[in-house]
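The values are calculated or read from the model by the stated rules, or taken from the named source; none is laboratory data. On a predicted model such as this, the values are computed, not experimentally measured, just so you know. Here Cβ is always computed from backbone atoms with ideal geometry, including for glycine, and neighbour counts include all displayed protein chains. Note: areas computed on protein heavy atoms with side chains; ligands, DNA, RNA excluded. Shrake-Rupley method; radii C 1.70, N 1.55, O 1.52, S 1.80 Å.
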Amino acid sequence: MIEKIKNFLDLKKHGNDKIKEFAFNIFLGIIIIVFSVFMRDTMIKQELINSWFDKYILLRVDSDTEAKKIANDEIVFLDFDNTSIEELNRPELTPRDKVADLVRIASEKGAKLIIIDMNFTESDYSPAKLMAGDETALTGESRDKILYDLFETIKNDSTKDTKILLPFVTYADRQEKPNIFS
């Protein structure tokens, strides 16, 4: 058995193309292993993917003046970064009243499309607590209601063309879980 392995790994009996292919595959395998170990933390993985995506979007917007106009004037993309979450005292769930503030501002400024990249598949179950910028402690239910009421107001306002795009979650079995504001 060991002799068969030695014969297989004997690089002298293989051509240069096979040797290069073998070396490339070994190199690629090592990179994948290092990347997998490094990317165990989901937050690091998400930040890396988001930064690549952001660079791609910026490249597309910078190269196309029409895309730049649309991105600057009509499309608003809302997401909380890590710094914002820390400033909001690390809420367990996305702070719905803070999202409502951002959506209200974007809508008032004339956004045609507001894309919200936040998970709303569960109701806010957080107890009444004071977050940064709050005057009074709000329960999760009241935070949900604030955002829901704003969505309804925007939807029913005939003077505005603002549309709101909410995400949905799919699982490995391709089952979709709608968000609570659907």
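Observations, loosely collected:
- The set of residues from the stretch 137-152 being open to solvent by 30 Å² or more (accessible area, probe 1.4 Å) and of a type in the set (Gly, Ala, Ser) comprises Ala137, Ser142.
- Residue satisfying all of: in the stretch 117-131; of a type outside the set (D, E, K, R), touching a residue at least 24 places away in the same chain (Cβ under 8 Å) and open to solvent by less than 90 Å² (accessible area, probe 1.4 Å); nearest to Asp81 (Cα to Cα) among these: Met118
- Arg174 being surrounded by 12 or more Cβ atoms within 10 Å (Cβ to Cβ) and either within 22 Å of the chain's Cα centre (by Cα) or part of a loop (DSSP other than H, G, I, E, B) (or both): no
- The set of residues in the stretch 94-116 being open to solvent by 40 Å² or more (accessible area, probe 1.4 Å) and either more than 22 Å from the chain's Cα centre (by Cα) or modelled with pLDDT under 80 (or both) consists of Glu108, Lys109.
- Lone unmet requirement of (1) closer than 30 Å to Asp117 by Cα; (2) modelled with pLDDT of 75 or more for Met1: (1)
- All conditions in (1) open to solvent by less than 80 Å² (accessible area, probe 1.4 Å); (2) touching a Leu at 6+ places or on another chain (Cβ under 6 Å); (3) at pLDDT 85 or above hold for Lys163, with the sole exception of (1).
- Glu141 passes every criterion in (1) at pLDDT 75 or above; (2) among the acidic types (Asp, Glu); (3) under 22 Å from the mean Cα position of the chain (by Cα) apart from (3).
- Condition met for Asp134 (without any contact (Cβ under 8 Å) to a residue 60 or more places away in the chain, assigned to a loop (DSSP other than H, G, I, E, B), open to solvent by 20 Å² or more (accessible area, probe 1.4 Å) and within 12 Å of Pro95 (Cβ to Cβ)): yes
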